[in-house]
1. Can you name every residue in the stretch 7-23 that is surrounded by fewer than 17 Cβ atoms within 10 Å (Cβ to Cβ) and either more than 22 Å from Thr61 (Cβ to Cβ) or of a type in the set (A, V, I, L, M) (or both)?
2. Look through the stretch 24-43, keep the residues that are part of a helix (DSSP H, G or I) and basic (Lys, Arg), and return whichever of them is farthest from Ala56 (Cα to Cα).
3. Conditions first: (1) over 16 Å from Met1 (Cα atoms); (2) at pLDDT 90 or above; (3) open to solvent by less than 20 Å² (accessible area, probe 1.4 Å). Ile51 passes all but one, so which condition is the exception?
4. Looking at this structure, is Asn38 at pLDDT 95 or above, more than 14 Å from the chain's Cα centre (by Cα) and at negative phi?
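The values are calculated or read from the model by the stated rules, or taken from the named source; none is laboratory data. Predicted model, so just to flag it, every value in this text is computed and none were measured. Here the Cβ positions follow ideal geometry from the backbone for every residue, glycine too, while neighbour counts run over all protein chains shown. Areas reflect the complete protein model, heavy atoms only, side chains present, ligands, DNA and RNA absent. Shrake-Rupley method; radii C 1.70, N 1.55, O 1.52, S 1.80 Å.
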Amino acid sequence: MFSEKLNYIMMLTRTTNTEIAKYLNVNQSLISRFRLGNRIPSNNSSYVRDISKYLAHKIQTENYTEKLTNIGIDLNIDLSEVPKTKQDFFKVV
């Protein structure tokens, strides 16, 4: 489920709703609705792509790759490739 994966990655990277909302230039309540499962972006939504891009950048720049690998999440992928759909977003995890 999108909300569960989003919550998980945000928790691991200590990302707040406010951070993503500022990056997307949206109200943080939208991010909250995504996380609660009250709103699910469509497969081709720019929200999915942009959230993925933000989180991938954060994982790379703040050395979360090693931390995620240490708990069993394999990030042996090219994070410069921005996911275009919700399914691509889940391949990161």
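1. Of everything in the stretch 7-23, those that are surrounded by fewer than 17 Cβ atoms within 10 Å (Cβ to Cβ) and either more than 22 Å from Thr61 (Cβ to Cβ) or of a type in the set (A, V, I, L, M) (or both) turn out to be Met11, Leu12, Ala21.
2. As a first pass, look at the stretch 24-43 and keep what is part of a helix (DSSP H, G or I): 24, 28-36.
Filter once more, so that each one left must be basic (Lys, Arg): 33, 35.
Values: Arg33: 21, Arg35: 18 Å.
It comes out as Arg33.
3. (1)
4. On the way: at pLDDT 95 or above: yes; more than 14 Å from the chain's Cα centre (by Cα): yes; at negative phi: yes.
Yes; evaluated as a whole, the condition is true for this residue.
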